[in-house]
1. Report whether or not MET119 is surrounded by 14 or more Cβ atoms within 10 Å (Cβ to Cβ), under 17 Å from the mean Cα position of the chain (by Cα) and in contact (Cβ under 8 Å) with a residue 60 or more places away in the chain.
2. Quick test of your reading of the structure: LEU197 fulfils all but one of (1) out of contact with any helix residue (DSSP H, G or I) (no Cβ under 8 Å at 6 or more places or on another chain); (2) outside any helix (DSSP H, G or I). Name the failing condition by number.
3. Cβ-Cβ under 9 Å, sequence separation 6+ or interchain: first residue in the range 19-31 and closer than 12 Å to GLU77 by Cβ, partner basic (Lys, Arg). Which pairs?
4. Out of the range 144-157, which residues are surrounded by 21 or more Cβ atoms within 10 Å (Cβ to Cβ), of a type outside the set (Gly, Ala, Ser) and outside any helix (DSSP H, G or I)?
5. Pairs only if they're at least six apart or on different chains, beta carbon under 6 angstrom, first in the range 80-97 and on the phi < 0 side of the Ramachandran plot and among the hydroxyl-bearing types (Ser, Thr, Tyr), second modelled with pLDDT of 95 or more and surrounded by 14 or more Cβ atoms within 10 Å (Cβ to Cβ); list them, first residue then second.
Amino acid sequence: MGAVASTGAVFWDQYFRELREAGDDLDWEGQWTEPFLAPLREAGARIILELGCGTGNDAARLAREGYAVTAIDLSAEAIERARAKFGSRASFLVADMAAPLPFRDSSFDAVMSNVALHMFPDSVTRSVFAEVRRLVRQDGLFLFHVNALEDRPLRARWRAARELEKDYVLEESGQTMHFFSEPYLRELLLEWSELRLDPIEIAHRETGEKFKQVWRGIAHRCVTAKINLASGIG
């Protein structure tokens, strides 16, 4: 497969189809959503958009907390499964986050994305981050987890890859992977009023060895009193 395939529906439909056939699911349980609950409450958020929702587990968790959630994914296979599991709890749509999204400016109190922003080269990544800013209302939040630059050698232990551009690689599977440094993230989010970034190390569930490293980010478009971004962050 070429690099383009990893950001295409064919690649991700196949990925989620194989998970379904294996009786598996891509679910990190509450690891991604739990740290965001306190900041969401403090910001008075009610309406949330999730980018790259997969089979809907995180969207359903937020819905159970009382939020109105719209969740998108490029894969029709993933969205079909999400609707089958959680269709009454959230609105699940097939949509490409790399393209302009069909929502009005300032439509959401918060946008969330958990380890789903890594597929794109620099130019597309910048356009995705700009689209998020368009969609978040004043005083709203952008909540995310992205692969850290330090994750690259960890992932290279089991995924051979070649570099396409700085910190952006093509793996043997056909998946593209972008690794984010702190300066790069701060540049992408320069226009946001407040930004908190925390490096998060993730241990393998069975061996306890360091398995993955991500950035946990909360960006705030504040125009009123500051919220406490430290709340609920591990």
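1. The answer is yes for MET119.
2. (1)
3. If the second residue must be basic (Lys, Arg), the pairs left are LEU19/ARG81; ARG20/ARG81.
4. PHE144, HIS145, VAL146, ASN147 - these are the residues of the range 144-157 that are surrounded by 21 or more Cβ atoms within 10 Å (Cβ to Cβ), of a type outside the set (Gly, Ala, Ser) and outside any helix (DSSP H, G or I).
5. SER91/THR70
Listed here are the residues, each with its yes/no results for (1) surrounded by fewer than 21 Cβ atoms within 10 Å (Cβ to Cβ); (2) touching a Lys or Arg at 6+ places or on another chain (Cβ under 9 Å); (3) not in a helix (DSSP H, G or I).
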| position | (1), (2), (3) |
| --- | --- |
| ALA99 | yes, no, yes |
| ASP105 | yes, yes, yes |
| ASP109 | yes, yes, yes |
| VAL124 | yes, no, no |
| VAL132 | no, no, no |
| GLN138 | yes, yes, yes |
| PHE142 | no, yes, yes |
| ARG159 | yes, no, yes |
| GLU163 | yes, no, yes |
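The values are calculated or read from the model by the stated rules, or taken from the named source; none is laboratory data. Remember, predicted model here, so these are calculated numbers, not experimental data. Positions of Cβ are generated from backbone atoms using ideal geometry, with glycine treated the same way; all protein chains shown enter the neighbour counts.
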